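Working notes, structure below.
The values are calculated or read from the model by the stated rules, or taken from the named source; none is laboratory data. Only a predicted model underlies this, so the values are computations on that prediction, with no experimental measurement involved. Neighbour counts run over all protein chains shown; Cβ positions are idealised from the backbone, glycine included. Each accessible area value is taken on the protein alone, full model and side chains, heavy atoms only, with ligands, DNA and RNA left out. Shrake-Rupley method; radii C 1.70, N 1.55, O 1.52, S 1.80 Å.
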2 protein chains.
Amino acid sequence: MSLYLRFLEDHRRRGKETISSGDLAALGGTTSAQVRKDLSFFGSFGTRGLGYSVAALSHRIREILGLEREWRVIIIGAGKIGAALAQYRGFAERGFHVIGVYDVDRAQIGKSLNGLVIQDESAMDADIARLKPDIALIAVPAEAAQALLDRVAKAGVRGVLNFAPTPLHAPEGVKLRSVDMALELEILTYALVGSQH
Amino acid sequence: MSLYLRFLEDHRRRGKETISSGDLAALGGTTSAQVRKDLSFFGSFGTRGLGYSVAALSHRIREILGLEREWRVIIIGAGKIGAALAQYRGFAERGFHVIGVYDVDRAQIGKSLNGLVIQDESAMDADIARLKPDIALIAVPAEAAQALLDRVAKAGVRGVLNFAPTPLHAPEGVKLRSVDMALELEILTYALVGSQH
DNA sequence: TATATCTTGTGAAATCATTCACAAGCATCC
DNA sequence: GGATGCTTGTGAATGATTTCACAAGATATA
């Protein structure tokens, strides 16, 4: 779904007003029937003979994904990855607002990232209660990740995106996803050795 | 597969010598039958009544994934994300060696990252021919990503991990994976709005 | 050695996902 | 306005994946 949204944005930039399931399929490397099935799950908003209205479909997908509202995000860990995330433009462009960055390292606390001052991690729980962020990004060493996940979950955060290279167990009621860059590389190496025979 | 490897590493740290398919399933949120099917695809290395030897299975999976050798990696784009990747410890730990970092920005070129000097992008093609890196990490703005993918593919790189938030089309013979952090967040928001009803 | 207890490996069954195929709708052109 | 050309939406068929279920191997116990 998110991918379709990317294709639609691309297409809009090119000035097209409508797009067919076949075009979307070509972009996504799948079949037109697949695309139509995916979209029809949420209702039917194409017109026969013409395709889908890029604007209308974009809007509908944004609604479905919950992107029509702003999301408040905090970042835990102001190391290399945390800092990169805090300054990543793609988030703001898509409605994700970073409202806080936390770290335990006294050397980092007080520094400013993109206009945001790095806070002491001990202030985090109170901030969560007050500012009610929707999502927490965990960018800390693997050993600390599970404890922080439990902690933000307890404090009321319902969505967590983990960047630590370790599998975590999500507490009840918390949606967790992980981005593991080394794991992605491993999948690549598997594909590479597999294709050599 | 890579995930199983993570679980096994965890398990090894806890001092366990064997692990059952049921345990692996619990960690991965799947079923024991699923785990056994996955593993049996590559042969049978469990012992009945006991489970799998953590050490032997780790080793076998590392073989399958091609992690028993070193992989040479270059990073293209020395912005926030590229710099974070260049200094990421998880790579070296898993046998991925960053042998080059490239950028077009004169302000960045010459700076040192983790002992590695940022090179002018114009030197890239010659370096690829000479050093034969296995994998390229693309960490440049979305607009520049496709052109760079084509360029490294032509120069002989066979695996690419893309961090630009745009869908790319992989040239023939090139394995491509993408890490799109905004997309991950969107999947999270979908899960969050979906679970509210 | 016999018995009880685990756990694997794997056909068969059931479930899930993809692809096919086509009627029906819309736009365009003569 | 009727014929033509596209393209959607969707049942039916096909294919893939997951789960079930159980024989057979391994260990432990007595």
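What to note about this one:
- Amide H to amide H distances under 5 Å link A:Asn162 with A:Ile138, A:Arg177, A:Ser178, A:Val179, where only residues 5 or more positions off or on other chains count and H is placed in the peptide plane.
- Length-normalised contact order of the stretch B:2-65 in % [C-alpha pairs under 8 Å, at least 6 apart]: 43
- Under 5 Å between amide hydrogens, built in the peptide plane, is the criterion, and for B:Val98 it picks out B:Val73 among residues at least 5 positions away or on other chains.
- Relative contact order of the stretch A:71-183: 24 percent, from C-alpha pairs under 8 Å at least 6 residues apart in sequence.
- Kirkwood's formula applied to the C-alpha pairs of the stretch B:86-197 gives a hydrodynamic radius of 15.6 angstrom.
- Using the 1.4 Å probe convention, the accessible area of chain B works out to 49 Å² per residue with neighbouring protein chains retained.
- Over the stretch A:88-146, relative contact order from alpha-carbon pairs under 8 Å, at least 6 apart, %: 23
- Computed over protein heavy atoms with a 1.4 Å probe, the carbon and sulfur contribution to the accessible area of the stretch A:5-80 reaches 50%.
- The other copies place their A:Phe41 label points at 2.2 nm from this one, listed shortest first, where each point is 7 Å from Cα along Cα→Cβ.
- Distance from the A-onto-B rotation axis is smallest for the Cβ of the chain A residue given, in whole Å, as A:Ala84, 2.
- DSSP beta bridges fully contained in chain A are about 20 percent antiparallel.
- Computed over the stretch B:1-137, the percent of Cα pairs more than 23 Å apart is 48.
- With its label point defined 7 Å out from Cα along the Cα-to-Cβ axis, A:Val117 lies at 4.0 nm from the matching points of the other copies, in increasing order.
- With label points defined 7 Å past Cα in the direction of Cβ, position A:Ala129 shows copy-to-copy spacings of 6.5 nm, given to one decimal and shortest first.
- The figure for A:Tyr190 is an accessible area of roughly 90 square angstrom, using a 1.4 Å probe on the protein chains alone.
- Cα-based helix-to-principal-axis angle, A:54-65 vs chain A, degrees rounded to 10: 40
- Residue by residue, the stretch A:39-53 carries 3J(HN,Hα) couplings of 6, 5, 4, 9, x, 10, 10, x, 10, 5, x, 10, x, 10, 6 Hz when phi is fed to the Karplus relation 6.51 cos²θ - 1.76 cosθ + 1.60 (θ = phi - 60°); x denotes Gly or Pro.
- Taking every DSSP beta bridge that has both ends in the protein assembly as shown, the antiparallel portion is near 20%.
- Phi to ³J(HN,Hα) by Karplus 6.51 cos²θ - 1.76 cosθ + 1.60 over the stretch B:17-24, Hz, x for Gly, Pro: 9, 10, 8, 9, 4, x, 5, 4
- Calculated mean residue ellipticity, 222 nm, chain A: -13000 deg cm²/dmol, from DSSP H runs (n ≥ 4) at -39500 (n - 2.57) each, averaged per residue and rounded to 500.
- For the stretch B:2-65, average projected area of the Cα convex hull in nm²: 3.8
- Only lysine pairs 8 or more places apart, or on different chains, with alpha-carbon atoms under 28 angstrom apart are counted in the stretch B:1-147, and they number 4.
- Karplus (6.51, -1.76, 1.60) ³J(HN,Hα), θ = phi - 60°, over the stretch A:144-151, in Hz, Gly and Pro reported as x: 8, 5, 4, 4, 5, 4, 4, 5
- Chain B packed on chain A takes about 5000 Å² of accessible surface away from a 1.4 Å probe, both sides summed.
- Once the Cα atoms are used to define both axes, helix B:181-194 deviates from the longest principal axis of chain B by about 50 degrees.
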